[in-house]
Amino acid sequence: MKKKLPAILYNLVCAVLLTMPAAHAYFDPGVTSMLVSSLAAAALAIGLCWKFIVAGIRKLFKKDKGAADESDDSDDEISGGDGENQ
């Protein structure tokens with residue numbers, strides 16, 4: 001029975017699709033502008049997501065300049081501060 005169920009559903013869907021009457025529809029200006037604005041929003045969303053992905057990848061491979069500056073300051077503290085007491 002389990003193997004016959006997908007075949008029965010497939011045949012039923014095909015029969016319904018083949019016997020449907022033709023829909024004489026058209027795209028009016030309202031539908032067209034909705035489609036254009038939806039495509040523009042999708043393109044902008046994809047671009048923004050891509051920007052965040054690229055920024056995250058760059059952040060992973062970027063050298064941390066703050067850590068290098070802190071290591072230079074720690075050498076001054078070990079030697080006695082400003083270096084004037086030498």
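The values are calculated or read from the model by the stated rules, or taken from the named source; none is laboratory data. Just so you know, these numbers come straight off a predicted model, no measurement behind them. Note that we place each Cβ from the backbone using ideal geometry, even for glycine, and neighbour counts take in every protein chain shown.
Which ones in the range 6-26 are surrounded by 10 or more Cβ atoms within 10 Å (Cβ to Cβ) and either β-branched (Val, Ile, Thr) or outside any helix (DSSP H, G or I) (or both)?
Answer for the range 6-26, where residues must be surrounded by 10 or more Cβ atoms within 10 Å (Cβ to Cβ) and either β-branched (Val, Ile, Thr) or outside any helix (DSSP H, G or I) (or both): Ile8, Val13.
Which residues, taken from the range 27-59, are at pLDDT below 90, loosely packed, with under 10 Cβ neighbours inside 10 Å and assigned to a helix (DSSP H, G or I)?
Pro29, Gly30
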